[in-house]
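J.: Before I ask anything, here is the structure I am working with.
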Amino acid sequence: MESNPFRRARFMLSAHDLPDLPPEGGAEVAFAGRSNAGKSSALNALADHNRLAFVSKTPGRTQLINFFDLGDGRKLVDLPGYGYAAVPAAIKAHWQGVLAAYVGQRASLCGVVLIMDARHPLKPLDVQLIGWLAPTGRALHCLLTKADKLTRADQNAALSGVRRELKKLHPGATAQLFSSTAKTGREEAVSMIAAMMDRHPQKT
């Protein structure tokens, strides 16, 4: 496999509701996180593409499930950001239901990459998402973004704390430091995500 298969990512489709999702098949890795955690920036950094995922100055802007095709039946999935106060309650409720169903029931989903600000990890909605995922046995890898904004000591403390909590919330889950700005952690993240896909039984 090439060193970074995500460079081949191409936009496929957007879905507002579960019936709009593409047919089951292949292997999907979904990206989830709070609206201001840097999810779109992380996706762009992993794909080495400035505008693969839309980066908005207004958190909560992404309100669709966006699929990106990697070829060979593999897809990256950008889930709507959650937790932004300005999003109307009805929209929050809609996406809570959609995300819970997608994470819990989607057979093609082999793992989730949870994006969290390294300065504010494991907020209640992050823990809720992990709670939906843990019973399914699907892989979880956490990117602690904006790590460049922390000192080395604070980076290590944040990473150790998250790993300690993950042992309780989702045994087997992994975590790493990441910075879209400083371009750090990309190779490790690409390797972890590719491994998720490689372990997933390919469905046709």
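Computed from the coordinates by the stated procedures, all read-outs in this text should not be read as laboratory data. Everything numeric in this text was worked out from a predicted model, so none of it was measured. A quick note on method: Cβ atoms are made from the backbone with ideal geometry, for glycine too, and the neighbour counts reach across all protein chains shown.
J.: Let me spell out the model: positive unit charges on the Cβ of Lys and Arg, negative unit charges on the Cβ of Asp and Glu, origin at the Cα centre of the stretch 33-187. What dipole size does that give, in debye rounded to 20?
T.: Once rounded to the nearest 20, the dipole reads 260 debye.
J.: Which distance in nm do the two modelled labels at Q63 and A107 give, with both placed 7 Å along the Cα-to-Cβ direction?
T.: Each label point is offset 7 Å from its Cα along the Cβ direction, giving 3.2 nm.
J.: So, R0 is 30 Å and r is the distance between the beta-carbons of K149 and H49; what FRET efficiency does that work out to, to 0.05?
T.: After rounding, the FRET efficiency stands at 0.80.
J.: Roughly how far apart, in whole Å, are the Cα centres of the stretch 136-187 and the stretch 66-111?
T.: 21
J.: R119 to N36: extension gain in nm, 0.36 nm per residue of separation minus the Cα-Cα distance?
T.: Additional length available on full extension: 28.7 nm.
J.: Please turn the phi angles of the stretch 16-22 into ³J(HN,Hα) values with the Karplus equation 6.51 cos²θ - 1.76 cosθ + 1.60 (θ = phi - 60°), one per residue in order, whole Hz, x for glycine and proline.
T.: For the stretch 16-22, the Karplus curve yields 9, 10, 4, x, 7, 5, x Hz.
J.: I've got another one for you. Straight-line reach only, C-alpha to C-alpha below 20 angstrom: list the aspartates and glutamates that K39 could link to, leaving out same-chain residues fewer than 8 apart.
T.: Cross-link targets: E28, D48, D69, D78, D117, D126, D148, E187, E188.
J.: To the nearest 20 debye, what charge dipole does the stretch 117-177 have about its Cα centre, counting +1 at the Cβ of each Lys and Arg and -1 at the Cβ of each Asp and Glu?
T.: 100
J.: Which residue, L109, L70, L150, tops the fluctuation ranking in a GNM of the chain built on C-alpha contacts under 10 Å?
T.: Answer for the Gaussian network model of the chain: L150.
J.: Just to be sure I follow: if Rg is taken over the C-alpha atoms of the chain and Rh is the Kirkwood radius over the same atoms, what is Rg/Rh?
T.: Result for the chain is an Rg/Rh of 0.93.
J.: Under the rule of at least 5 residues apart or a separate chain, name every residue whose amide H is placed under 5 Å from the amide H of Y82.
T.: So Y82 has HN proximity to G33, R34, S35.
J.: Could you tell me the relative contact order of the chain? Use alpha-carbon pairs under 8 Å, at least six residues apart, and round to a whole percent.
T.: 25
J.: Net charge near G71, counting Lys/Arg +1 and Asp/Glu -1 over other residues with Cβ under 9 Å of its Cβ?
T.: So the surrounding residues net to +1.
J.: Which one of G26, L13, G172 is farthest out on the positive end of the charge dipole of the chain, using unit charges on Cβ (Lys, Arg +1; Asp, Glu -1) and the Cα centre as origin?
T.: Of the candidates, G172 comes out farthest on the positive side.
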